[in-house]
Amino acid sequence: MTKRYDLPKHLASAAMKEADSQLRAKHARGKFDDGDPNNPMYNEGYNYATGKRALFGYDQDEFMAKQHR
């Protein structure tokens, strides 16, 4: 069952503006993970774009290179 809210237009508009400004600020910081199904954050560390896992915050190749130093 879907629950819907009937917000006054000024509150809905304010919420959308706030969400947009937060998203733009995040993008300005260089973070683009929102809603990206290929982001390892949403796929248990697996990045479908590269076909590799992110290990402990590192790309798989970078992590393995650090392991063998």
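Summary table
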| quantity | calculated |
| --- | --- |
| Ranked by how many other beta carbons lie within 10 Å on average, peptides 2-8, 16-22 from highest | 16-22, 2-8 |
| Residue order, fewest to most beta carbons within 10 Å, for His27, His10 | His10, His27 |
| Extension reserve of the Ala12-Ala25 stretch, reckoned as 0.36 nm per residue once the Cα distance is removed | 2.7 nm |
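Bear in mind these aren't lab numbers, they're just calculated from the coordinates by the rules spelled out. Quantities reported herein were computed from a predicted structural model and do not represent experimental measurements. So basically every Cβ, Gly included, is an ideal-geometry build from the backbone, and we count neighbours across all protein chains shown.
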